[in-house]
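The values are calculated or read from the model by the stated rules, or taken from the named source; none is laboratory data. Please read all numbers here as calculations on a predicted model, not as lab measurements. Cβ coordinates were reconstructed from backbone atoms using ideal geometry, including for glycine residues, and neighbour counts include every protein chain displayed. These accessible areas exclude ligands, DNA and RNA; they are computed on the full protein's heavy atoms, side chains included. Shrake-Rupley method; radii C 1.70, N 1.55, O 1.52, S 1.80 Å.
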Amino acid sequence: MALESSRSAFERARRSIGGGVGSGLRATMPPHPLFVREARGAYVWDLDGDRYTDYVMAWGPLVLGHGDRRVLSAVSEVAEKMQVVGTGHPLEYLAAEAVLDAVPHGERLLWSNTGTEAVQVALRLARAATGRRRVLKFARSYHGWHDTVYAGMSEDDCDRAATPGGPGQSASVLDDLVVARFNDVQLAERLLSEAVERDIAAVLVDPVMSNAGVEAPAPEFLSTLRTLCDRHGVVLVFDEVIAGFRIARGGAAEKFGVLPDLSVFGKAMAGGFTQSAVVGRAELVDQVATGVVHAGTFNANPIALAAVEATMRVLADPAVYELLEQRGSEFEALVGDVLRASPGAGRFNRVGSLLQYVPADGATGLHGTGGLWTKILEGMLRRRVLFMPSGKVFLSTAHTTADIEATAEALDRTLRQS
């Protein structure tokens, strides 16, 4: 397994694609990005024909694994009839009904394409409803690449003026951001007690901090946010693009028992196809009928919504989440035991089938993680196990106990050689 074809493909891609990859963080894979020609179940095959056990799962969408036949059959049937149309079609409401049936606070939804787009729609609805303009988010949380929310990416950014997360961003829009600290109830209480003076329209929170260490909410954190938002007239928005439909069929509301006003879903809802949605209270969502602009040529396209309806039908079976929990627990135990046996190697945080490698010093982040992860990443790739540069691990119903046992053995060999 020389990875030679992937290296050559990356060199060629850099001559036509900025950075050589379709999404920037893929370029951080050592020794270079992997290029694949086929994906099925829990595996991908690279251009040399070598098979890898895949824990990237397209960065989260594939809770059922690659190429689930139930999803592909539904998509194929629709694709023979239409691709995208400029009219209504039955899948718009059939898929919507399937999503709303799953989400405890789901009264109405809006279709969109990506998580970044849907977050912007949710914030627009909150601003329209409250007549305020600012958004309270939490340090290190990622809510898409848009200028208005890609800031506050360091723990040091709490309770001070937000600064751009990268070059080329407009600093002027960041006056609309107020940055708090995840699980810090006292700081949230202080900032939201000043919601009117600070002009805060929405609290935007990833209930699991999916891109910042897979940190679970403290027992009273989400319920306190709910109480504070009610008290001070603020819209509570859960960004569930990663966690939603992965940690539970009803998302964070089902998992943690707290109902937001709006949730943003993406990734897992469409079983590997591009789709997102803003789901929540009808009075907020229905503002699009009275002036709030929501647009997009590919919103609610038949191909994606066929995938959504089929995926939601599969996820309605409780056995799916029992299996995901089982696989997550097995990974944490078997692969995690290998880490624990190696002094200073780190550990895994886990919420359901979503895990995050945490080095001994505890430092994790969107763009990568410290400790031994870079060595683990490259060493495991050479043993045909594919992980993410950020240290997140996504499991699916297609992974088997044998896959996880083999992964633990491969990690043991990798650590012994590092």
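Figures for the structure shown
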item: For region 271-283, 3J(HN,Hα) per residue [Karplus equation, 6.51 cos²θ - 1.76 cosθ + 1.60, θ = phi - 60°, Hz, x = Gly/Pro]; result: x, x, 10, 8, 6, 9, 7, 9, 10, x, 5, 4, 5
item: DSSP-defined antiparallel bridges as percent of all bridges, the chain, nearest 5; result: 60
item: Within the accessible area of region 1-79 (1.4 Å probe), percent carbon and sulfur; result: 48
item: Amide hydrogen neighbours beyond the local backbone of Leu259, cut-off 5 Å, H modeled; result: none
item: Modelled label reach - Arg413, point 7 Å along Cα→Cβ, region 320-343 residues with backbone N closer than 18 Å; result: 335-336, 338-339
item: Lysine pair number, Cα distance threshold 30 Å (strictly under), the chain, separation 8 or more or different chains; result: 9
item: Accessible surface of region 217-256 [probe 1.4 Å, protein heavy atoms]: carbon and sulfur percent; result: 48
item: Segment Glu189-Asp147, length gained on full extension (0.36 nm per residue, minus Cα span); result: 12.5 nm
item: Distance between modelled label sites at Ala171 and Asp337, nm, 7 Å Cα→Cβ extension; result: 5.4
item: Per-residue HN-Hα couplings for region 369-375 [Karplus 6.51, -1.76, 1.60; θ = phi - 60°; Hz; x = Gly/Pro]; result: 9, x, x, 8, 4, 4, 5
item: 5 angstrom amide H check on Val393, placed H, neighbours 5+ away; result: Leu355, Gln356, Tyr357
item: In order through region 171-180: 3J(HN,Hα) via Karplus (6.51 cos²θ - 1.76 cosθ + 1.60), integer Hz, x for Gly, Pro; result: 6, 5, 6, 6, 5, 7, 9, 10, 10, 10
item: Taking region 199-291 and dividing mean pair separation by its residue count, relative contact order in percent (alpha carbons under 8 Å, at least six apart); result: 22
item: Two-decimal ratio, region 189-264, of alpha-carbon radius of gyration to 2.2 N^0.38 Å; result: 1.08
item: Sequence-separation-based contact order of region 290-418, relative, with Cα cut under 8 Å and 6+ spacing, percent; result: 23
item: Percent carbon-and-sulfur accessible area, region 353-418, ignoring ligands, DNA and RNA, probe 1.4 Å; result: 48
item: Accessible surface, the chain, averaged per residue in Å² (probe 1.4 Å); result: 41
item: Calculated log₁₀ intensity ratio I(q)/I(0) where the Debye formula runs over C-alpha points of region 19-163, q = 0.10, 0.11, 0.17 Å⁻¹; result: -0.59, -0.71, -1.28
item: Built amide H within the under 5 Å cut-off of Ala180, gap 5+; result: Lys137, Phe138, Ala139, Asp159
item: Peptides 398-409, 165-176 ordered by average Cβ neighbours within 10 Å, highest first; result: 398-409, 165-176
item: Cα→Cβ-extended label distance, 7 Å offset, between Asp361 and Thr400, nm; result: 4.1
item: Over the chain, equivalent-ellipsoid semi-axes from the Cα gyration tensor in Å; result: 33, 26, 21
item: Chain lengthening between Asp199 and Val314 when straightened (0.36 nm per residue, less Cα-Cα); result: 37.2 nm
item: Which of Ala243, Ala102, His399, positive extreme of dipole for the chain (C-beta unit charges); result: His399
item: Mean separation of Cα contacts under 8 Å (6+ apart) over length of region 223-343, as relative contact order %; result: 19
item: Backbone N within region 212-243 under 17 Å of label point (7 Å from Thr290 Cα along the Cβ vector); result: 235
item: Fraction of antiparallel bridges per DSSP, region 102-215 only, in percent to nearest 5; result: 10
item: Expected 222 nm ellipticity per residue - DSSP helices of 4 or more, -39500 (n - 2.57), all of the chain, to 500; result: -11000 deg cm²/dmol
item: Mean shadow area of region 237-345 over all directions, Cα convex hull, nm²; result: 9.4
item: Cα-based radius of gyration of region 115-236 once divided by 2.2 N^0.38 Å, which approximates compact folds; result: 0.96
